[in-house]
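Since the structure comes first, as structure tokens, the remarks are kept for the end.
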Amino acid sequence: DAGITQSPRHKVTETGTPVTLRCHQTENHRYMYWYRQDPGHGLRLIHYSYGVKDTDKGEVSDGYSVSRSKTEDFLLTLESATSSQTSVYFCAISEEPGELFFGEGSRLTVL
Amino acid sequence: QKEVEQNSGPLSVPEGAIASLNCTYSDRGSQSFFWYRQYSGKSPELIMSIYSNGDKEDGRFTAQLNKASQYVSLLIRDSQPSDSATYLCAVINAGNNRKLIWGLGTSLAVNP
């Protein structure tokens, strides 16, 4: 299995608080992704990175920011969490287009 | 119209039967096609990729691609209860080869 870990795995927070999710890989893959998955919407791309300090927006990037200061770490930040951001968040890594390896997911609940 | 469409199911098949999962896509320029499996409460995992018309076999799994008709399918032979999961179809469009377009998935139940 690809060496990819997400933290925290579960988090409950209140509306308006900042939240940071961390994705760490040991595979030295160039590409890293943050997705959210919600019933009825499937997997939706939030942001992705194609190298250190190189990131781009996905289809649902509003309210989220990312940073990648090292190859192995990709951080997702919710500056001021809202209830609509309650979701399961998946990090993924890849070298080859389309061949993604996913982390175990982080379940975020915003009250 | 969604870019990648799948029947949500559930698709129910008896153990040992062939399960057939279908996916259609709207971008005629799509080049690469993937099937992921997601068990309940778990993360998606890649099971098949296909890039050219025809069939590609890997163990009990066969992916079929027909670009003229814009569909890709996944056949699972000798279905097992452990195959019960949601199967996600994903496509790379011509515009950006790093962004997958995902279907919503088909839920498969294999009954003992």
For chain B the mean separation of alpha carbon contacts under 8 Å (6+ apart) over residue count, i.e. relative contact order in percent, is 37
Averaged over all viewing directions, the convex hull of the alpha carbons in chain A casts a projected area in nm² of 6.3
Non-local residues with an amide H under 5 Å from the amide H of B:ALA85, with H modelled 1.01 Å from N and Pro and chain starts lacking one, are B:LEU108
With all protein chains present and a 1.4 Å probe, the order of B:GLU45, A:GLU59 from largest accessible area down is A:GLU59, B:GLU45
The summed charge of the A:VAL19 Cβ neighbourhood (under 14 Å; Lys/Arg +1, Asp/Glu -1) stands at +3
With the 1.4 Å probe rolled over protein heavy atoms, segment A:53-97 has an accessible area per residue in Å² of 47
As straight-line cross-link partners of B:LYS99, the qualifying aspartates and glutamates (C-alpha separation under 17 Å, not fewer than 8 residues apart within one chain) are A:ASP54, A:ASP56, A:GLU59, A:GLU95, A:GLU96, A:GLU99, B:GLU3, B:GLU5, B:ASP27, B:GLU45
Once accessible area is computed for B alone, A alone and the pair with a 1.4 Å probe, the total buried surface, to the nearest 100 Å², works out to 1600
Of the accessible area of the protein assembly as shown, computed with a 1.4 Å probe and all protein chains kept, carbon and sulfur make up a percent value of 46
So, relative contact order of segment A:8-77 in percent, Cα under 8 Å, 6 or more apart, is 31
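Could you order A:ASP56, A:ASP73, A:ASP62, B:ASP55 so the one with the most accessible surface comes first? Probe is 1.4 Å.
A:ASP62, B:ASP55, A:ASP56, A:ASP73
The values are calculated or read from the model by the stated rules, or taken from the named source; none is laboratory data. It should be emphasised that the depicted structure is a prediction, and the values quoted were computed from it without experimental measurement. FYI the Cβ positions are ideal-geometry reconstructions off the backbone, even for glycines, and counts take in every protein chain you see. Remember, those area values only see protein heavy atoms, side chains included, never the ligands or the DNA or RNA. Shrake-Rupley method; radii C 1.70, N 1.55, O 1.52, S 1.80 Å.
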